[in-house]
1. Note down all Cβ pairs under 6 Å where the first residue falls in region 39-55 and is assigned by TED's automatic domain parsing to the domain that holds Leu67, the second is assigned to a loop (DSSP other than H, G, I, E, B), and they're at least six residues apart or on different chains.
2. Where in region 1-91 are the helices (runs of 4 or more DSSP H), entirely inside, with at least 1 residues that are touching a Phe, Trp or Tyr at 6+ places or on another chain (Cβ under 8 Å) and at pLDDT 90 or above?
3. Being surrounded by 13 or more Cβ atoms within 10 Å (Cβ to Cβ), among the polar types (S, T, N, Q), modelled with pLDDT of 85 or more and not in a loop (DSSP other than H, G, I, E, B) is the requirement here; does Gln106 meet it?
4. Mind checking which pairs have a first residue in region 79-90 that is in contact (Cβ under 8 Å) with a residue 60 or more places away in the chain and more than 14 Å from Cys110 (Cα to Cα) and a second that is of a type in the set (A, V, I, L, M) and surrounded by fewer than 15 Cβ atoms within 10 Å (Cβ to Cβ), Cβ under 8 Å, 6 or more apart or different chains?
5. Suppose we filter region 31-76 for residues that are of a type in the set (A, V, I, L, M, F, W, C) and exposed (fewer than 15 other Cβ atoms within 10 Å of the Cβ); how many remain?
Amino acid sequence: MASFQASESARPDPIDALLAAHGLRRTAAARRVLGWLLAHPDTSYTHAQLQAALSGEGPSALDRVTLYRLIDRLTQVGLLLCRVDASRVRRYQAMPASVHAMPHFQCQSCHRDSPLEGALKGNALDLERAAQTAIEALKALGYQGMSLDFAVRGVCADCAASAPETAT
């Protein structure tokens, strides 16, 4: 029993491992913010929405400036994705694997981010190759640390179906 407990506690926390791998301190605030966003991978949040979602009292409370600096650092190291929506509002989400070369759909209503690989079927591979070709060409010119974000923005089918009918 003791050996099981020792091996159980020896496993590193996946959020701590991510923070350490990206050179960040493993603070309670960093674990909390990254943990929240990883638990909600298909939704992007504004700074205010994150602050409301993570609000608390006492030592676990995050003030506005601390949260802003933390999401800025998480974005800089590639753990978060920051996008500016059609209203010029910054939205943050855990970095989805699809963002580097695959197109995705951003719902302007519910803010879900959905990969379009399945919807595009055979064309998705062509888009991925084109994205990789563009990145390789820019690397040859000396550009570094690139990723490609191909986003289609609109209203998803679920939100469109639940929207009230408008008279024309």
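The values are calculated or read from the model by the stated rules, or taken from the named source; none is laboratory data. As the structure is a prediction and not an experimental result, all values here were calculated from the model. Positions of Cβ are backbone-derived with ideal geometry, glycine not excepted, and every protein chain shown enters the neighbour counts.
1. Close Cβ pairs (under 6 Å, with a partner that is assigned to a loop (DSSP other than H, G, I, E, B)) amount to Thr43/His111; Ser44/His111; Thr46/Val89; Leu54/Leu62.
2. Values: elements: 2-10, 14-21, 28-39, 47-53, 64-76.
Fully inside region 1-91 and qualifying: 28-39, 47-53, 64-76.
3. Details: surrounded by 13 or more Cβ atoms within 10 Å (Cβ to Cβ): yes; among the polar types (S, T, N, Q): yes; modelled with pLDDT of 85 or more: no; not in a loop (DSSP other than H, G, I, E, B): yes.
For Gln106, the condition - surrounded by 13 or more Cβ atoms within 10 Å (Cβ to Cβ), among the polar types (S, T, N, Q), modelled with pLDDT of 85 or more and not in a loop (DSSP other than H, G, I, E, B) - is not met.
4. Arg83/Ala151
5. To start, the set of residues in region 31-76 that are of a type in the set (A, V, I, L, M, F, W, C) comprises 33-34, 36-39, 48, 50, 52-54, 61-62, 65, 67, 70-71, 74.
Then drop every residue that is not exposed (fewer than 15 other Cβ atoms within 10 Å of the Cβ), which leaves 36, 39, 48, 52-53, 61, 65.
So the answer is 7.
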